[in-house]
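A.B. asks: Below: one structure in structure tokens.
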Amino acid sequence: MKTTGTVTGIVSNLVIVEINGPVAQNEICYINLSGVNLMAEVIKVIGKLAYVQVFESTRGLKVGMPVEFQGHMLEVMLGPGLLSKNYDGLQHDLAKMKGIFLQRGDYTDALDYDSEWEFTPLVEAGAQVTAADWLGEVPENWVNHKIMVPFVMTDKYTIKSVASKGTYKITDTIAVLTNSKGEEFNVTMVQKWPVKKAITAYREKPRPFKIMETGVRVIDTLNPIAEGGTGFIPGPFGCGKTVLQHALAKQADADMIIMAACGERANEVVEIFAEFPYLEDPRTGRKLMERTTIICNTSNMPVAAREASVYTAMTIGEYYRSMGLKVLLLADSTSRWAQALREMSNRLEELPGPDAFPMDLSAIIANFYARAGFVYLNNGSTGSVTFIGTVSPAGGNLKEPVTESTKKAARCFYALSQQRADSKRYPAIDPMDSYSKYLEYPEIQEFLNKNISAEWHDQVMKTKNIIQRGKEASEQINILGDDGVPLEYHDRYWKSEILDFVVLQQDAFDKIDCNTPLKRQRYMLGKVMDICDTSFKFDSFEQCSTYYKRIINVLKQMNYSDFQSEEFNNYEKELNTILNERKA
Amino acid sequence: METKAFQRIYTQLTGITKATVTLKAQGIANEELALVHGRLAQVVKIIGDSVTLQIFSGTEGIPTNAEVIFYGEPPKLKVSDDLAGRFFDAYGNPLFGATEIEGDPREIGGPSVNPLRRKQPSELIATGIAGIDLNNTLVTGQKIPFFADPDQPYNQVMAMVALRAQADKIILGGMGLSNDDFLFFKNVFENAGALDRIVCFVNTTEQPPVERLLVPDMALTAAEYFATTKNEKVLVLLTDMTLYADALSIVSNRMDQIPSKDSMPGSLYSDLAKIYEKAVQLPDGGSITIIAVTTLSGGDITHAIPDNTGYITEGQLFLRTDSDTGKVIVDPFRSLSRLKQQVIGKKTREDHPQVMNAAVRLYADAANAKTKLENGFDLTEYDERALKFAHDYSEKLLAIDVNIDTNVMLDTAWELFAKYFSKTEVAIKNELVQKYWPN
Ligand SMILES: Nc1ncnc2c1ncn2[C@@H]1O[C@H](COP(=O)(O)OP(=O)(O)OP(=O)(O)O)[C@@H](O)[C@H]1O
Ligand SMILES: [Mg+2]
């Protein structure tokens, strides 16, 4: 029997419920407000009183209204049909909601109960299986969506029977399993999982050892993200966090993209709704929407559901990882999630930590990032969840709790600089402050040298050094004046400017420049580094800057041309002519 | 709002603070309104039979035996076409002794639009101001604030923008507006013969600050009526959102909430986002565009109010007085309309994006030259030309008193390019130079 209760107190979206039976921490309940069910989650229990956070506005709620507890935590439905869907933070399908305005309690189904799927079994009766083992598959868009032993079934089971090839609905039984006691379990194509718990039904989680190509040069070349790795993008408003994440969503070498729009602008999600059904995945030529699922809790949607939205997204990511897919999870912005935690913690009158955030903020963030990763599944195949979140630091100051906590948890740090954004040097990732810890992993270094070029890692380090020295030279020039420094300083500065303009800067809105495959990155970096290694003769600093500007201009034209097209080759010839003019 | 016959009257307060009163009452709904000692109040907390009400105009002089009458419903606004041409206070009561309007009562601060039902904003709003139309083009369904120091003429600029914007309705939400500024808006709208397109909700400096918390929701409820029911293009002006946020902090301080940065409530981001996100392009052609004012103190944009605003809105327009020309300009460096990409070069002439970028780049060269000058370094001949260009650019284009069509702005920019620079220095795509470079 379900535990029930009645409302005894209301403080904004924190509601106090007197209960008549057992409830669990994080258990879900529904508050009945004159016929409308409002979903809520238990966050504290004292004696007979459960404190619940309501995922909706509590306007009109009265003391005495009935509450029904559900006996489970916040769960998501996992099964075929998740791809291409647009969900709210609690996995309700936005497309199924009625009317223009969101209505409280309009909880739509996450999956379609009527649609039919072409099932092909992958096991036979008699086989031994456990949680996450593949029982069969159905085609979903272009993915072979694996139907698995539900993650909660962690015992050992024997397959009693499995459905034959054919069409089934998600709730049809496709396999019957028996455990050691002879008890039978019917398995369908859909299972549920509590979002706050990591799905760990895999064999092993090694350190990431491959990189994930994103087509963004300043990431791939200078500070690559590993497949199954973690990264974050902090930056003041307007510096390009969202544009960068959208670029990653469009271009990254992933099988599936999950975008969690967490407390940000609705119009930015609308842009995705409008573009992704038409834009093509550069690798497969399929429409981007076919590989994308959107979890959308924009800033005007209920605050409490914001926290849930990132967990919903992560759980769906882990589910697809268990099928052996490469998943990229993007969340914009994790600061909004932290702020939601802060609001609730304040309402609970908990002892506040720095900037009034909850004391355990660091732990919560670390826990979440730890769910990403590259894994070996039970059957030996591999899957991954790569996670990149944005952080919106108050006042653009990186010394604040969310940035600092995230820095401890994430391995790549892509700091957007206000100065670079102001001078339109996009993407405004600061080349000096940013880092990828993966570059320090021997296994990643080996991967890079094997897959890009033999000396790649050294070349990247050298590139960073040139940028650093260029920056120092520019500081000297600013202090002492153009004439006050040796000509060599100008030369050094301009060489780093070539790297800046040609490798670091990248126009996210140009059809060609927006996406640079690794092969092209290798070619262009080689080209630029050759120039950096060459000595040129100049009589004056004006001559030096004019000359390098010409070089930059031609190289930029190359960036805007199709790789090794006639146009590209012509610019390259022009470049060589220019270079020969002044070779020392 | 009239009281109804069956309403129960309470006369025993159990607690009074600066902002709230508490009493024992039953069957009360969260966020419903009440009248306490003749003052409007709203339920903010219920624990058992103990109900806490926030009194909008403050609790000064309220006795423990004050009369409390509950309305049984949250704040509402009666909406109908009668709203047009009318002036209201923060509660939606008509000003100047006008009669109550008839209409369908709607809850204010209602739910938001399903993101999937929104359309991408794509319709240009022309204002005649080059600092906006040329450099930071506005689009219907956008939300954007002016960031301005208190001494800048932001209300004048906003009134001008509103009148030129060709909106079907202009809804003014005035918060902490000085009476002079309120009368200014009223006069401008009257003189322009635009009164039938205007709706005003005003809280002036003479009225209690907390009352202004109702203003944006009132204005936006009216806006939603015209945008959804009438499919109209509605422009909402909110001035000054800094004073709105100040009222939020007053309330949260009085209710003993833990403040976060700059003594603002921790929920400031969500509170502001709920307002700004009402800006929307609707599928049937209606739209709500929000132009707001956020006054800065000492130009500091890292303060929690402008900072959170920047994270919410789709760009910002900086007003600044140009020391060269003495004119108020829309600062081309720090201003940004994030939705301009949707329209420039598509709904405007093809050369728009390139001309805009080139002009700002050359203006930046002038700024560098100025810094050089200030640091005592010599200027090159190019620097001299850049400085002259900057002067003309500021006077003929950036100044907010210039009122011209976008094509004229583009032509003017080409003229200035040709006057001061060579074609290579301007560095615009050859194809466009051939077409537009003045001979
Ligand atoms: N790579 C890029 N190329 C060209 N323009 C860019 C690029 N990145 C950002 N921009 C410009 O900067 C603007 C703001 O970028 P974006 O919306 O990504 O900022 P943000 O960091 O997400 O800001 P917020 O924190 O307010 O959400 C864009 O509208 C665009 O004009
Ligand atoms: Mg953003």
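The values are calculated or read from the model by the stated rules, or taken from the named source; none is laboratory data. Predicted model only: the values in this text are computed from it and were never measured. Because the Cβ atoms are built from the backbone with ideal geometry, glycine has one as well, and the counts that use them run over all protein chains shown. Please note that ligands, DNA and RNA were not included when accessible areas were found on the heavy atoms of the full protein model with its side chains. Shrake-Rupley method; radii C 1.70, N 1.55, O 1.52, S 1.80 Å.
A.B. asks: Between residue A:534 and residue A:562, what is the label-point separation in nm under the 7 Å Cα-to-beta-carbon projection?
C.D. replies: Taking the simple label geometry, residue A:562 and residue A:534 are separated by 2.7 nm.
A.B. asks: Please check: in the Gaussian network model of chain B (C-alpha springs, under 10 Å), which one of B:12, B:342, B:120 has the largest mean-square fluctuation.
C.D. replies: Of the options given, B:12 has the highest mean-square fluctuation.
A.B. asks: How much net charge surrounds residue B:155 when only the other residues with a Cβ under 14 Å from the Cβ of residue B:155 are counted, with Lys and Arg +1 and Asp and Glu -1? Display every interim value, and only then the final one.
C.D. replies: On the way: positive: B:186; negative: B:149, B:151, B:180, B:181, B:240.
Spelling it out: positives minus negatives among the neighbours equals -4.
A.B. asks: Among B:354, B:54, B:142, which one shows the highest mean-square fluctuation when chain B is modelled as a Gaussian network with alpha-carbon springs under 10 Å?
C.D. replies: The residue with the greatest mean-square fluctuation here is B:354.
A.B. asks: Here is a follow-up. Compute the signed sum of charges (Lys and Arg +1, Asp and Glu -1) over the other residues within less than 14 Å, Cβ to Cβ, of residue A:32.
C.D. replies: Numbers: positive: A:2, A:62, A:104; negative: A:56, A:68.
Computed value for this residue: +1.
A.B. asks: Now for a separate question. Could you rank the peptides B:131-138, A:406-413, B:94-101 by their average count of other C-beta atoms within 10 Å per residue, with the highest value first? Present the calculation step by step, with values, prior to reporting the outcome.
C.D. replies: Working: B:131-138: 26.1, A:406-413: 20.6, B:94-101: 11.1.
Packing proxy ranking, top to bottom: B:131-138, A:406-413, B:94-101.
A.B. asks: Can you tell me the dipole magnitude for the range B:220-332 around its Cα centre, using point charges on the Cβ only (Lys, Arg +1; Asp, Glu -1), in Debye to the nearest 20?
C.D. replies: That gives the range B:220-332 a dipole magnitude of about 220 debye.
A.B. asks: Keeping all protein chains in position, work out how much accessible area residue B:154 exposes to a 1.4 Å probe, and write it in Å² to the nearest 10.
C.D. replies: Counting only protein heavy atoms, the figure is 30 Å².
A.B. asks: Please work out whether the range B:353-439 counts as rounded, prolate or oblate from its C-alpha gyration tensor, where a ≥ b ≥ c are the square roots of the eigenvalues and a/c under 1.5 means rounded, while otherwise a/b larger than b/c means prolate and anything else oblate?
C.D. replies: oblate
A.B. asks: Go through A:440, A:137 and list them by solvent-accessible area, largest first, probe radius 1.4 Å. All intermediate terms of the calculation are to be shown ahead of the outcome.
C.D. replies: Details: A:440 120, A:137 40 Å².
So the residues, ranked largest to smallest area, are A:440, A:137.
A.B. asks: Semi-axes of the equivalent ellipsoid of chain B: what are they in whole Å, largest first, if each equals the square root of 5 times a C-alpha gyration tensor eigenvalue? Please list the in-between numbers first.
C.D. replies: Details: eigenvalues 447, 107, 62 Å².
One finds semi-axes of 47, 23, 18 Å for chain B.
A.B. asks: A further question follows. Using 0.36 nm per residue of separation minus the Cα-Cα distance, give me the extension gain between residue B:7 and residue B:384 in nm, one decimal. It would help to have the intermediate numbers written out before the result.
C.D. replies: On the way: separation 377, 0.36 × 377 = 135.72 nm, distance 7.70 nm.
So the extension gain works out to 128.0 nm.
A.B. asks: If the cut-off is 13 Å between C-alpha atoms, which aspartates and glutamates fall inside it for residue A:527, apart from same-chain ones fewer than 8 positions away?
C.D. replies: Once the sequence-local aspartates and glutamates are set aside, what remains near residue A:527 is A:572.
A.B. asks: Nearest 100 Å² is fine: what is the total accessible surface buried where chains A and B meet, probe 1.4 Å? All intermediate terms of the calculation are to be shown ahead of the outcome.
C.D. replies: On the way: alone 24860 and 19200 Å², together 39230 Å².
Heavy-atom accessible area buried at this interface is about 4800 Å².
A.B. asks: Mind checking the mean number of beta-carbon atoms from other chains within 10 Å of the Cβ atoms in A:261-272? Before the final figure, lay out the partial values.
C.D. replies: Numbers: counts 1, 0, 5, 4, 11, 11, 17, 3, 3, 10, 4, 1.
Average per residue, whole number: 6.
A.B. asks: Moving to a separate point now. Would you please put B:275-286, A:362-373 in order of how densely packed they are, using the mean number of other Cβ atoms within 10 angstrom per residue and starting with the highest? List each step's numbers first, then the result.
C.D. replies: On the way: B:275-286: 21.8, A:362-373: 19.2.
The peptides rank, most packed first, as B:275-286, A:362-373.
A.B. asks: Determine the dipole magnitude for chain A: charges of +1 sit on the beta-carbon of Lys and Arg, -1 on that of Asp and Glu, nothing else is charged, the reference point is the Cα centre, and the result goes in debye to the nearest 20.
C.D. replies: 660 debye
A.B. asks: In nm, to one decimal, how far is the modelled label at residue B:17 from the one at residue A:440, with both set 7 Å along Cα→Cβ?
C.D. replies: Going from the residue B:17 label point to the residue A:440 one covers 4.8 nm.
A.B. asks: Loop-only check: which trypsin sites (Lys or Arg not before Pro) in the range A:486-584 are DSSP coil with at most 16 other Cβ within 10 angstrom? Before the final figure, lay out the partial values.
C.D. replies: Numbers: sites: A:492, A:495, A:511, A:519, A:520, A:522, A:527, A:537, A:549, A:550, A:556, A:573, A:582, A:583; in loops: A:511, A:537.
Filter output for the range A:486-584: A:511, A:537.
A.B. asks: Another question about this same structure. Calculate how steeply helix B:381-393 sits against the longest principal axis of the alpha-carbon atoms of chain B, using the helix alpha-carbon long axis, and give the answer as 0 to 90 degrees to the nearest 10.
C.D. replies: 40 degrees
A.B. asks: Taking each residue of A:342-354 in turn, how many C-beta atoms of other protein chains fall within 10 Å of its C-beta, and what is the average?
C.D. replies: Values: counts 5, 7, 1, 2, 8, 4, 0, 3, 1, 1, 3, 0, 0.
Per residue, the number of nearby Cβ atoms from other chains is 3 on average.
A.B. asks: Further, regarding this structure: Note every residue of the range B:25-52 with a reduction of at least 10 square angstrom in accessible area, all protein chains present versus the isolated chain, computed with a 1.4 Å probe, or write none.
C.D. replies: B:27, B:28, B:29, B:30, B:31, B:44, B:45, B:46, B:47, B:48
A.B. asks: Is the C-alpha gyration tensor of the protein assembly as shown telling us rounded, prolate or oblate? Criteria: a/c under 1.5 is rounded; beyond that, a/b larger than b/c is prolate, otherwise oblate. Each step should come with its number before you reach the end.
C.D. replies: Values: a/c = 1.99, a/b = 1.11, b/c = 1.79.
Oblate, because a/c is 1.5 or more while a/b does not exceed b/c.
A.B. asks: Something else: When a/c reaches 1.5 or more, the comparison of a/b and b/c decides; with that in mind, is the range A:400-504 rounded, prolate or oblate per its Cα gyration tensor? Provide the component values of the computation, followed by the final result.
C.D. replies: Numbers: a/c = 2.46, a/b = 1.35, b/c = 1.82.
Since a/c reaches 1.5 but b/c is at least a/b, the shape of the range A:400-504 is classed as oblate.
A.B. asks: Normalise the Cα radius of gyration of the range B:9-70 by 2.2 N^0.38 Å (N = residues in it) and let me know the number. Walk me through the intermediate numbers first.
C.D. replies: On the way: Rg = 9.8 Å, N = 62, 2.2 N^0.38 = 10.6 Å.
Expressed relative to 2.2 N^0.38 Å, the Cα Rg reads 0.93.
A.B. asks: Kindly provide the helix-only [θ] at 222 nm of the protein assembly as shown, computed as the sum of -39,500 (n - 2.57) over DSSP H runs of four or more divided by all residues, to the nearest 500 deg cm²/dmol? Could the numbers behind the result be given before it?
C.D. replies: Details: 25 runs with 308 residues, N = 1023.
Dividing the helical sum by the residues of the protein assembly as shown leaves -9500 deg cm²/dmol.
A.B. asks: Can you give me the angle between helix B:215-224 and the longest principal axis of chain B, using Cα atoms only, in degrees from 0 to 90, rounded to the nearest 10?
C.D. replies: Orientation of helix B:215-224: about 70 degrees from the principal axis.
A.B. asks: For the range A:304-337 and the range A:368-417, what is the separation of their Cα centres, given in Å?
C.D. replies: Between the Cα centres of the range A:304-337 and the range A:368-417 lies a distance of 12 Å.
A.B. asks: Where does each of B:206, A:204 land when they are ordered by accessible area, with a 1.4 Å probe and the largest first? Intermediate values should be presented prior to the final figure.
C.D. replies: On the way: B:206 140, A:204 90 Å².
Largest to smallest exposure gives the sequence B:206, A:204.
A.B. asks: Simple spin-label model, 7 Å along Cα-to-Cβ: residue B:284 to residue A:101 in nm?
C.D. replies: Placing both labels 7 Å beyond Cα along the Cβ direction yields 1.4 nm.
A.B. asks: Same structure, new question: Counting only other chains, what is the mean number of Cβ atoms within 10 angstrom of the Cβ of each residue in peptide B:103-112?
C.D. replies: Details: counts 0, 0, 0, 0, 2, 0, 2, 4, 12, 9.
Across the residues of B:103-112, the mean count of other-chain Cβ atoms within 10 Å is 3.
A.B. asks: Right, next: With N residues in the range A:217-434, what two-decimal value do you get for its Cα radius of gyration over 2.2 N^0.38 Å?
C.D. replies: Working: Rg = 16.8 Å, N = 218, 2.2 N^0.38 = 17.0 Å.
Ratio of Rg to 2.2 N^0.38 Å for the range A:217-434: 0.99.
A.B. asks: Okay, moving on. Would you work out which of A:366, A:170, A:517 lies farthest towards the positive end of the dipole of chain A? Charges go on Cβ: Lys and Arg +1, Asp and Glu -1.
C.D. replies: Checking the options against the dipole of chain A, the answer is A:366.
A.B. asks: Within the set A:424/B:435; A:44/A:205; B:18/B:76; A:85/A:408; A:192/A:408; A:2/A:146, which residue pairs have Cα atoms separated by over 29 Å?
C.D. replies: Details: A:424/B:435 27 Å; A:44/A:205 33 Å; B:18/B:76 25 Å; A:85/A:408 33 Å; A:192/A:408 31 Å; A:2/A:146 33 Å.
Checking Cα-Cα distances, A:44/A:205; A:85/A:408; A:192/A:408; A:2/A:146 exceed 29 Å.
A.B. asks: How would B:267, B:335 line up by accessible area, probe 1.4 Å, largest first? List each step's numbers first, then the result.
C.D. replies: Details: B:267 25, B:335 5 Å².
Of B:267, B:335, the descending order of accessible area is B:267, B:335.
A.B. asks: Among B:194-200, A:62-68, A:129-135, how do they line up by average Cβ neighbours within 10 Å per residue, starting with the highest?
C.D. replies: On the way: B:194-200: 19.4, A:62-68: 17.9, A:129-135: 21.0.
Peptide ranking by packing, descending: A:129-135, B:194-200, A:62-68.
A.B. asks: For chain A, just list the percent of Cα-Cα distances falling in each 20 Å bin from zero outward, please.
C.D. replies: All Cα pairs considered, the percentages come to 19, 47, 26, 7, 0.
A.B. asks: Let me ask something else. Pick from B:378, B:217, B:324 the residue whose mean-square fluctuation is largest in a GNM of chain B, springs joining Cα atoms under 10 Å.
C.D. replies: Greatest mean-square fluctuation among the candidates belongs to B:378.
A.B. asks: What is chain B's relative contact order, in percent, from Cα pairs under 8 angstrom and six or more apart in sequence? Mind dumping the intermediate values first?
C.D. replies: Details: 873 pairs, mean separation 71.7, N = 439.
Relative CO of chain B lands at 16 percent.
A.B. asks: What's the magnitude of the charge dipole for the protein assembly as shown around its Cα centre, counting Lys and Arg as +1 and Asp and Glu as -1 at the beta-carbon? Answer in Debye, nearest 20.
C.D. replies: Details: 107 positive and 131 negative charges, 366 e Å.
Rounded to the nearest 20 debye, it is 1760 debye.
A.B. asks: Solvent-accessible area per residue for the protein assembly as shown at a 1.4 Å probe radius, Å²?
C.D. replies: Roughly 38 Å² per residue, with all protein chains present.
A.B. asks: Still on this structure, please answer the following. Students often get this wrong: which residues of the range A:364-403 have the backbone nitrogen under 20 Å from the point 7 angstrom along Cα-to-C-beta of residue A:124?
C.D. replies: Residues passing the 20 Å test: A:379.
A.B. asks: Go ahead and run the numbers for FRET between residue B:195 and residue A:72, Cβ-Cβ distance against an R0 of 56 Å, rounding to 0.05.
C.D. replies: Details: r = 58 Å, r/R0 = 1.04.
Computed FRET efficiency for residue B:195 and residue A:72 comes out at 0.45.
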